[in-house]
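Working notes for the structure below.
What follows is calculated from the coordinates using simple rules that are stated; it is not laboratory data. Worth saying up front: this structure is predicted, and the values here are computed from it rather than measured. All Cβ positions, glycine included, derive from the backbone under ideal geometry; neighbour counts span all protein chains shown.
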Amino acid sequence: MRVIVTRPVAQAAQWVSRLVERGIDALALPLIDIGAPSDIAAVEDAWRELSSKRLVVFVSPNAVEQFFAHRPASVAWPAQLSVASTGPGTTQALQQLGVNPTAIIEPAPDAPQFDSEALWAHLQTQDWTGAAVLIVRGDGGRDWLADTLRRHGARVDFVAAYRRTPARFDGDAMRCSSDALQRPEEHLWLFSSSEAIDHLVRACPGNDWTRSQAIATHPRIAERARDCGFGVVREARPGFEAVVACIQSIAS
């Protein structure tokens, strides 16, 4: 069985490499491109205002990488600033860029999901009255955490550190998706984004996905895959080992 990894280019390549090392046939079919923010000046201004924040929340590894990629040369990361991460991939990206691990708040390793709700379980014990919070994300996204923090008295701002756009569906991508549709029992789609599913379905209009198999790394993503017609959808926690275990259980 071949696993089709649909993450953005850099992450897809890493996942494919790690899966192949574990003896799993895998290839990359990125369905989302990550680009520079539409307003780079806003990201630079956010850097200059970090010292006034009590907490900075990063929603994904892409948010971390793109925010740090646009750091003004004259501005350093405040050493005592508290940081919140929605999961282990985001935490790893922060640590690789020099953020002190002791300053990072994140969901428990055994949390059922790595998302805003799991992060809030670790933030809700604090008093947020009057606290200034910055949420670093892409262009758009869920407002659940911001709304929750505001209900608890925080002052929340957003900055869009990157843009998400549909990946270009070239000849290789068309051949890959065609092979997967023709031989669905030999392919397994790995989805980490509902948006990626939407891009795939739009790029392959009129196709029947009812025999296709997929792994989704969040219940909302699984629901979207089912809504788009995928016949077999399994849910897995987003960590690499959990995904590998799910793949192996399907392939056995």
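With a ≥ b ≥ c taken as the square roots of the eigenvalues of the C-alpha gyration tensor of the stretch 162-252, please select rounded if a/c is under 1.5 and otherwise prolate if a/b is larger than b/c or oblate if it is not?
oblate
Antiparallel as a % of all DSSP beta bridges within the chain, to the nearest 5?
10
Please label the shape of the stretch 36-162 as rounded, prolate or oblate, based on the square roots a ≥ b ≥ c of the eigenvalues of the alpha-carbon gyration tensor (a/c under 1.5 means rounded; beyond that, a/b larger than b/c means prolate, else oblate).
It is rounded, given that a/c, with a ≥ b ≥ c, falls under 1.5.
Using only DSSP helix segments of four residues or longer, with each worth -39500 (n - 2.57), what per-residue ellipticity at 222 nm results for the chain after dividing by its residue count and rounding to 500?
-11500 deg cm²/dmol
Could you size up the charge dipole of the chain around its Cα centre, putting +1 on the beta carbon of Lys and Arg and -1 on that of Asp and Glu, and report it in debye to the nearest 20?
100
Treating the beta-carbon of each Lys and Arg as +1 and of each Asp and Glu as -1, no other charges, what is the dipole magnitude of the stretch 63-158 about its Cα centre, to the nearest 20 debye?
About 260 debye.
About the Cα centre of the stretch 121-170, what is the dipole size in debye to 20, counting +1 per Lys and Arg Cβ and -1 per Asp and Glu Cβ, all else neutral?
For the stretch 121-170, the charge dipole is close to 100 debye.
Where in the stretch 50-94 does the amide nitrogen come within less than 19 Å of the point 7 Å from the Cα of Ala121, taken along Cα to Cβ?
Hits in the stretch 50-94 for Ala121 at 19 Å: 58-60, 84-92.
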